[in-house]
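Below you'll find the structure, written out as structure tokens, and then a few comments.
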Amino acid sequence: MPTSSGITRTLILMRHAESPMSGDTDFDRVLSANGRDQAALIGAQVFNAGLMMDAVLCSPAARTRETLDYLGMGNTPQERIMFPQSLYNASSGEIIHMIQKMDDDVQCLFVMAHNPGIFGAVQFVWNRKATAATDALMMGYPPASCAVLQMELDHWHNLAPNSGTMSDLFMPDMMPDFKAM
């Protein structure tokens, strides 16, 4: 079992906001008006939580890039915002593997991807300690869901099942200020 040097790392796992089934290809789908509102709302929640991302991994699909734009990642160095092709429709295992390859100078990592892979990654990392998130996640991981997990890890490559505690869960439908169009 890996030992920890006491470095608290934050992993933020988000599903892209609402995107209608339209466009030439799945890859080219863009956000709906509701999806843009969802992304802006989650962006405000992430900002209000004081989360400062050291690096971002984002699927290169149009809807994930657009969600990222509406979130506002102004505090993340541009060279640390990456769009690996392999993140498009990646499985949970592939997402976890990408996280495990992150540089150790990254303490807060944001990952934006697609279901079912991103929800599977949340389920892999989350230690399931009872929180308000427990009931919400029983219903799945709808568009614009964003889980914030904290863990003690000396290296990202030591990321293991059930190693993260859910510190925040942002879901637009759970927020009283959100009104779907």
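The values are calculated or read from the model by the stated rules, or taken from the named source; none is laboratory data. Predicted model, so just to flag it, every value in this text is computed and none were measured. Note that we place each Cβ from the backbone using ideal geometry, even for glycine, and neighbour counts take in every protein chain shown.
When V30 is tested against (1) hydrophobic (A, V, I, L, M, F, W, C); (2) farther than 20 Å from M174 by Cα; (3) in a helix (DSSP H, G or I), only condition (3) is not met.
If you check M102 against the conditions, is it within 19 Å of G164 (Cβ to Cβ), surrounded by 15 or more Cβ atoms within 10 Å (Cβ to Cβ) and not aromatic (F, W, Y)?
Values: within 19 Å of G164 (Cβ to Cβ): yes; surrounded by 15 or more Cβ atoms within 10 Å (Cβ to Cβ): yes; not aromatic (F, W, Y): yes.
Criteria met by M102.
The numbered conditions (1) in a strand (DSSP E or B); (2) touching a Leu at 6+ places or on another chain (Cβ under 6 Å) are all true for A17 except (1). Restricting L149, L87, L109, L159 to those that are at pLDDT 95 or above, surrounded by 14 or more Cβ atoms within 10 Å (Cβ to Cβ) and more than 23 Å from T8 (Cβ to Cβ) reduces the list to L87. Among residues of segment 156-173 that are touching a residue at least 12 places away in the same chain (Cβ under 8 Å), those with a beta-carbon under 7 Å from a residue that is surrounded by fewer than 15 Cβ atoms within 10 Å (Cβ to Cβ) and of a type in the set (S, T, N, Q) at least six positions away or on a different chain give the pairs W156/Q100; H157/Q100; L159/Q100; N162/N127; S163/N127; G164/N127; T165/N127.
Residues in segment 33-68 that are free of Cβ contacts under 8 Å to residues at least 24 places away in the same chain and part of a helix (DSSP H, G or I): A44, N48, R65. Scanning segment 73-109 for residues that are among the β-branched types (V, I, T) and part of a loop (DSSP other than H, G, I, E, B) returns T76, V106. Could you check how many residues of segment 135-173 are outside any loop (DSSP other than H, G, I, E, B) and more than 17 Å from the chain's Cα centre (by Cα)? Count: 4. The numbered conditions (1) farther than 18 Å from L153 by Cα; (2) free of Cβ contacts under 8 Å to residues at least 12 places away in the same chain; (3) part of a helix (DSSP H, G or I) are all true for F119 except (2).
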